[in-house]
Every structure is written in C-alpha cells, then in structure tokens.
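Just below is one structure, and these are the notes that go with it.
The values are calculated or read from the model by the stated rules, or taken from the named source; none is laboratory data. Predicted model only: the values in this text are computed from it and were never measured. Note that we place each Cβ from the backbone using ideal geometry, even for glycine, and neighbour counts take in every protein chain shown.
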Amino acid sequence: MLVVLTGIPGTGKTTVATKALEELVDEGVKYDLVTYGDIMFEIASNLGLVEGRDEMRKLESKEQRKVQRLAGNKISQIAEEKDILLDTHCTISTMKGFLPGFPEWVLRGLSPEVFVLVEADPAEIALRRSSDKSRQRDRDDEKEIREHQELNRSIAMSYSIFSGCTVKIIQNPQGKVDEAVAELKKVLRK
Amino acid sequence: MLVVLTGIPGTGKTTVATKALEELVDEGVKYDLVTYGDIMFEIASNLGLVEGRDEMRKLESKEQRKVQRLAGNKISQIAEEKDILLDTHCTISTMKGFLPGFPEWVLRGLSPEVFVLVEADPAEIALRRSSDKSRQRDRDDEKEIREHQELNRSIAMSYSIFSGCTVKIIQNPQGKVDEAVAELKKVLRK
Amino acid sequence: MLVVLTGIPGTGKTTVATKALEELVDEGVKYDLVTYGDIMFEIASNLGLVEGRDEMRKLESKEQRKVQRLAGNKISQIAEEKDILLDTHCTISTMKGFLPGFPEWVLRGLSPEVFVLVEADPAEIALRRSSDKSRQRDRDDEKEIREHQELNRSIAMSYSIFSGCTVKIIQNPQGKVDEAVAELKKVLRK
C-alpha cells in the first residue's frame, strides 16, 4: 500500500500526517512516513550536486529530473516490503515554472493507491509562511497560493488516469486539525 | 462513433441525452444509449460481488477497477458494430476520494471521439438532489458540487490527450433543456 | 531546446514573444520563432484540404488530427538543429468542443522543455478581440474566455506529466508588456 501525501508549504500536511500515523498505531495500522525530499536530498548529496537542503530548489531542471527518478526507484523498493505514506510535492515551483512531482516515468514506477491533497485557505497559508523563519520561503501572495492549489488539483486528477488511484482532497483549516487527521485516517485504514 | 456523456447526478444529463436521441431519429441519425453503470452492475452481479444497485458504490476500489475494466471491454465490442452514446461518470466519488471513470487501461480501449460534460448550476443541482427521493444520494453542499464539476473538467481535458477526443461542455440550466439538447445534437450529427 | 508558447487569441502572446526574442539577440541567445499554425496550413494546403487560412478551423476533426501530427513531425526535425520557440494553441476550439493541441502522439514526439501559457484578463481579451477586425474571430464573452484559460491550465499540467516539462504561466496585463517580456526571457535563457 502506497499513499501519496501532498500539500503546498503552509498547509500543515506533515502535522496532519504525523498525528494520523500516531493515532493509527493503536488500531494496529502501521505506515512508514517517507519524505520524498529527504530521499532526493540524500541522492543529490551522494551525487555531489548539492551541499545544503536549500540548494535543492536551485538545481537545474535536468539534474532535478534525474534525482527525482532515482528517488522514485528507491521508494518503490521500500514500498515492496512496507506500507508507505509518501510525503512529497504535487508540483515543484521552479524558476522556469511548475515541475510535475510525478512525471510519467516516476508515476508508472510508483503506482500509488491513493493520492492525497491537503489544502488550506490561501490567506491562512500566506500567514503561516510569513511567520515561519526556519526555512527560505517565498512570500507568495494569496493569489499565487490559490492558483498553485488549483493547478495541483488539476495535475492530481491526471495522475489518477495513469495509476488508477483515487484523489482525496482534505481541508485543513486553522483550528480544525483533528478533522483533517480523521479524514486522513479514513484513507489509511485498510 | 463513440461519444461519452458525463455529468454529475442532478445535471439532468440522461434527460438531455434521451431527448437528443429521440429528435435525431427524424434526421436518420441513430445512436444506442448505453449506460456504463448498467454494464458494470451486470458484470458485478454475475461475479457475485453485489446484490443491489446501491451496493455498487461500496465496492472495494480493487473490485471496482476490475469491474470497470471488464465493462470497458464489453462496450468496445458493442461500439464496433453500432454508434454508441455512453452514459457514464467522469469520476466516481468514493470513500477514498475521486476514482477516475477512465483510467488509462479503460481509456485506451475505448478511444471516444467526443467527451461531453453536461453541467448545471451547483445550487440547482443541490436542489434537484434534495428532492430526488428515488435513490440514495449524498446531500453534498453546493461547494462540493462546484468542486466536483471543476475536477471533472480537469480530468476530461487529460482524457483528451490520450484519445485525441474533443471535450464539449454543455450547460443545462433550469428551464433551458431545449438549448442543451440542441448542443448535444450538434455533437452527435456526423 | 524547445519551448512551447501558448495563449488564447487576444492575450498578446505573439507580441510578447517577438519582443523577448529581439531583446535576447543582444545577449547571444537565439531562438527561431515557429508557428504551429503556419506549418499546419502549409501541410493542409499541400494536401489540398484547404485554400485559405480561415478554413483551417473548419477542418473535420479526423483531418485536423492528421495535419497536426504531420506538423509535429516537421517541427521535431527542425528542433534537432535549432532552438525553437513554438507559437501554438494549448487547445483548439472546434464545433465539437476543445481539441487538445498536444495529444499524446504529438506530445511524445516533441518533448518540450518548457510549456508557457500567456494569459490576460478576460475583460481585456474580450475588448482586444472585438476591435480586431483583421481575422474572423468569435465574440466569445468574458465567461467563455475565463473558462478557456482555465481549461488550458488544466491540460498544460497534464502535458507536463508526459514530457516532464515545466509549466510557466505569464500574465500579460494591459500596459505591462515589458514585465511579460522579462518573464519570458527568464524562461528562454539557458
């Protein structure tokens, strides 16, 4: 079982995922939370392409594609033995536009069963991003955030044609994280 | 000639289709109206997976995919001999999210020439659904209906990349069914 | 390097492209601006399918697909020797709905590296179209223009799954063509 978890920075997807997985342990449901970016960084580091994490977004698109493919292969291997919740990006915002997180050659290898989009209100996302000083983040305005979420919905629907996965949209509005966690648990239960 | 006709419950697509086909008979244009759900139910019944029609939505996604594929094969066979207007769903709303009505393995077999989306105003759809007691239907609110129609547009555009079909959006607002019928007739004429 | 440039009529994409290419010459960056429609018209003329340019939109969909594919092949050949900025349509509005500009069999042959969508405000586009008497254009209203741009975004995201290209959206609001030109130059620089 491979469930892909996406959501643009500031949607709180990782918090939702962590809580859902903790609570599911009591029900005997166990997933390994794997972060695509971690695997990509590990591979890019090994290849000598980057030194720090923040350099990942500055990779040339050709290099980014190679690293993305190699990471997909590695995750496929892991998913053969364990149930995986894959924390990743639906699309990646680059200098030259939006890069698909799951181009065909990655998607066909992975074949997820569910593709989750965690969304939040664009105004809330903008606020969360502006107060988050721990990483270099663009101060995208609300309009860009809204558009990015819409484009992600579009491409997620297309991903489902290739893999036959379902696409689940989970709203994570401020102060209602428990509802988002409950929705994700429904997806993860067998 | 295979034309796919979709529209979420409450858009009135079946009414539009029935009227269009009746009127086209006078012009010597004849299509068989085939309902994907009927073929799927027939197959699922034969396989012993369901007893009643309402159980179809509760099928596990693995079973749903199998039945979907087998129904696609059957429709392909029918379409080799007759012109078909295929009444179906663009996406299917399940517990685990939206399932594509036409995953790659169904789409490539069918190769429709036109993909029609019948749409209506979300408020009107919500009203029609609430007064329709003949089938078990969720009381989705307007927002969910609006989103579902938007996601269907997205995925329909993607379907067209695989099949090269055109995507025709037909509005069916309250009290203007004749205009929707006229639009569909334009699509169905050779 | 193949960059695809799209934008519905009235967005000013060709003006943006021409200015960007002129300015890049000073930086030693050179692209040939190739218009898909020109290549398609050339091929359709040679095949005896049309006499004038305005007849292109009235081609039967079967013929349109054939011409589209042959044009794609020709552009692939050109792109093997030069950097190409391909001026074309994301989708083509026909009597039977929206036809994809890049069905799978065209897309796989071309493999663009960036897919650009030039957009403008629907009200501005409607205004520009109504005062443009040089070609036969439909007076689509703002709502249709808005929808067409949204559908183009959706399908562009799907194109990226097949080719791994990035999708860059460039706004070209009235009176700010220099900003749009600057954005396109960022995409075209190596």
Original post:
Can you pull out the residues in segment B:73-91 that are of a type in the set (Gly, Ala, Ser) and either modelled with pLDDT of 90 or more or in contact with a Ser or Thr (Cβ under 6 Å, 6 or more places away or on another chain) (or both)?
Top reply: B:ALA79
Original post:
Within the bounds of segment C:88-95, is there any residue that is away from chain B (no Cβ under 14 Å) and at negative phi?
Top reply: yes
**OP:** Would you mind stating whether A:VAL4 is touching a Gly at 6+ places or on another chain (Cβ under 9 Å), surrounded by 15 or more Cβ atoms within 10 Å (Cβ to Cβ) and not charged (D, E, K, R)?
**Re:** yes
Original post:
What is the one condition in (1) more than 14 Å from chain B (Cβ to nearest Cβ); (2) assigned to a helix (DSSP H, G or I) that C:LEU49 does not satisfy?
Top reply: (2)
Subject >> Selected residue (criterion: farthest from the chain's Cα centre (by Cα)) from residues of segment B:52-82 that are away from chain A (no Cβ under 14 Å), among the acidic types (Asp, Glu) and closer than 25 Å to A:SER160 by Cα >> reply: B:GLU55
**OP:** State the number of residues belonging to segment C:153-179 that are over 17 Å from B:GLY164 (Cα atoms), in a helix (DSSP H, G or I) and of a type in the set (A, V, I, L, M).
**Re:** 1
Original post:
For segment B:77-112, how many residues are free of Cβ contacts under 8 Å to residues at least 60 places away in the same chain, polar (S, T, N, Q) and surrounded by fewer than 16 Cβ atoms within 10 Å (Cβ to Cβ)?
Top reply: 1
Subject >> Set A:ARG65, A:ARG57, A:ARG53: member being touching a Pro at 6+ places or on another chain (Cβ under 8 Å) and basic (Lys, Arg) >> reply: A:ARG65
Subject >> Residue tally, condition of a type outside the set (Gly, Ala, Ser) and either in contact (Cβ under 8 Å) with a residue 60 or more places away in the chain or buried (at least 17 other Cβ atoms within 10 Å of the Cβ) (or both), over segment C:36-52 >> reply: 7
**OP:** Tell me which residues, restricted to segment C:155-190, are within 12 Å of chain A (Cβ to nearest Cβ), buried (at least 22 other Cβ atoms within 10 Å of the Cβ), more than 15 Å from the chain's Cα centre (by Cα) and more than 16 Å from C:ARG108 (Cα to Cα).
**Re:** C:LEU188
**OP:** Determine whether segment C:138-152 contains at least one residue that is surrounded by fewer than 18 Cβ atoms within 10 Å (Cβ to Cβ), in a loop (DSSP other than H, G, I, E, B), within 14 Å of chain B (Cβ to nearest Cβ) and on the phi < 0 side of the Ramachandran plot.
**Re:** yes
**OP:** Taking the options A:LEU99, A:LEU110, A:LEU85, name whichever one is more than 14 Å from chain C (Cβ to nearest Cβ) and touching a strand residue (DSSP E or B) at 6+ places or on another chain (Cβ under 7 Å).
**Re:** A:LEU85
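Of all residues in segment A:113-129, count the ones that are among the β-branched types (Val, Ile, Thr) and within 11 Å of another protein chain (Cβ to nearest Cβ). Give the derivation first.
First, the residues of segment A:113-129 that are among the β-branched types (Val, Ile, Thr): A:114, A:116, A:118, A:125.
This time we only want the ones that are within 11 Å of another protein chain (Cβ to nearest Cβ), so: A:114, A:116.
Within segment A:113-129, residues that are among the β-branched types (Val, Ile, Thr) and within 11 Å of another protein chain (Cβ to nearest Cβ) number 2.
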Subject >> Failed item, numbered, when C:GLY52 is tested on (1) over 29 Å from B:PHE115 (Cα atoms); (2) at pLDDT 95 or above >> reply: (2)
Original post:
Residues in segment A:15-28: is at least one under 16 Å from the mean Cα position of the chain (by Cα), modelled with pLDDT of 95 or more and not in a helix (DSSP H, G or I)?
Top reply: no
**OP:** Check B:GLY12 against each of (1) loosely packed, with under 15 Cβ neighbours inside 10 Å; (2) on the phi > 0 side of the Ramachandran plot and name the one condition it does not meet.
**Re:** (1)
